[in-house]
């Protein structure tokens, strides 16, 4: 239960500050904000090594979530600022690729350091990495990123900017689409390992390999989809990916072998990689002065989907059966198709 509370505290830091940092980045220099966020991350991590602070870990978890999340919307907004218009999809997809690469490398590196040297050194490494990144960013990109933004009194009216952003129907549909898609994804992220173990008796090692193959598939496919989206309709590509995934999800009910489980998961991972294009669609319909706020709020809706999904699927697992969570995932994607149809109509 304590572990669950720690995860919840971290999630609350993410969802509460995602939109906030994105909004602030529209009014100050984004480069300085990224550096500041990385420095905050580097400062917070070593506190986990003090046993006397264990009762305050909830606060630390919230602080880590609030600082880590700043990097996401700001770097996304930077891509929207500097990427060539004709290659925006490709560069935005690269953001997802490198983010996924970090998520794959982090547990491997942290697990190795914890096993060989001890847990404390894992947190020290987690501190060194963002501090080093901040130094590299400050030195090598200062001429490009550290440009003062002219501000006016009107620009600081957050409520006016928020109303302006949400007054666009397409933007609202994209936000709702993010909730539907990431609610569906949470079934794969949080419940598939347990299902694979109980359904076909996959071992821990086999499940780890399955997850690595799924992540590797997304790493390989996402840049290709991004490049392709600069030439084709992004909305059609996302619709195709969601529709195909909605058809594949119920197939988990009929899976009987580990190979079938692996192939099905890799196929769904490839189809759901089209979700990376949703952010590019958003950047196309939002003005540059509101791009940070849009990226941040979009991230909050992603986080909302990842919070709602486990609650919904956990209840379905208990009340009905484990296989029913994948039917619910398909329904969530179908709801997403309704939202993206509204985007297309606009």
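Starting from the Kirkwood radius over alpha-carbon pairs of the chain, derive D by Stokes-Einstein at 10 °C in a medium of 1.306 mPa s and give it in µm² s⁻¹. Approximately 75 µm²/s, per Stokes-Einstein. When 56, 279 are sorted by how many other C-beta atoms sit within 10 angstrom of their C-beta, beginning with the fewest, the order is 56, 279. Normalised by the number of residues in the chain, the mean separation of alpha-carbon contacts (under 8 Å, six or more apart) gives a relative contact order of 31 percent.
Remark: 119, 45 ranked as 119, 45, counting other beta-carbon atoms within 10 Å and listing the fewest first.
If R0 is taken as 22 Å, the Cβ-Cβ distance between residue 86 and residue 341 corresponds to a FRET efficiency of 0.25. Legend: calculated FRET efficiency, residue 256 to residue 289, from the Cβ-Cβ distance at R0 = 41 Å, rounded to 0.05, equals 0.15. Kindly identify the stretch 10-141 as rounded, prolate or oblate by the Cα gyration tensor criterion: order the square roots of the eigenvalues as a ≥ b ≥ c, call it rounded if a/c is under 1.5, otherwise compare a/b with b/c, prolate if a/b is larger, else oblate. Prolate, since a/c reaches 1.5 and a/b exceeds b/c.
Each label was represented as a point 7 Å from its Cα along the Cα-to-Cβ direction; for residue 125 and residue 109 these points are 0.7 nm apart. With 0.36 nm allotted per residue and the present C-alpha distance subtracted, the residue 266-residue 8 stretch has 90.0 nm of extension available.
Which residues does a label at residue 321 reach in the stretch 193-208, if reach means a backbone N under 19 Å from a point 7 Å past the Cα toward the Cβ? 193-202, by backbone N distance to the label point. The order of the peptides 299-306, 19-26 by mean Cβ neighbours within 10 Å, most packed first, is 19-26, 299-306. When the square roots of the Cα gyration tensor eigenvalues are ordered a ≥ b ≥ c, the ratio a/c for the stretch 216-338 is 1.5 or more and a/b does not exceed b/c, which makes its shape oblate. Based on DSSP H segments of at least four residues, each scored -39500 (n - 2.57), the chain has a per-residue ellipticity at 222 nm of -27000 deg cm²/dmol. Exposure proxy shown here: for 245, 99, 203, the number of other Cβ atoms within 10 Å sets the order, fewest to most, as 203, 99, 245. Taking the stretch 256-299 and a reference point 7 angstrom along Cα→Cβ of residue 224, the backbone N atoms nearer than 18 Å belong to 263-277.
Every number in this text was worked out from the coordinates using simple rules, so none of it is lab data. This is a predicted model, so every value here is computed, not measured. Cβ atoms come from the backbone with ideal geometry, glycine included; neighbour counts cover every protein chain shown.
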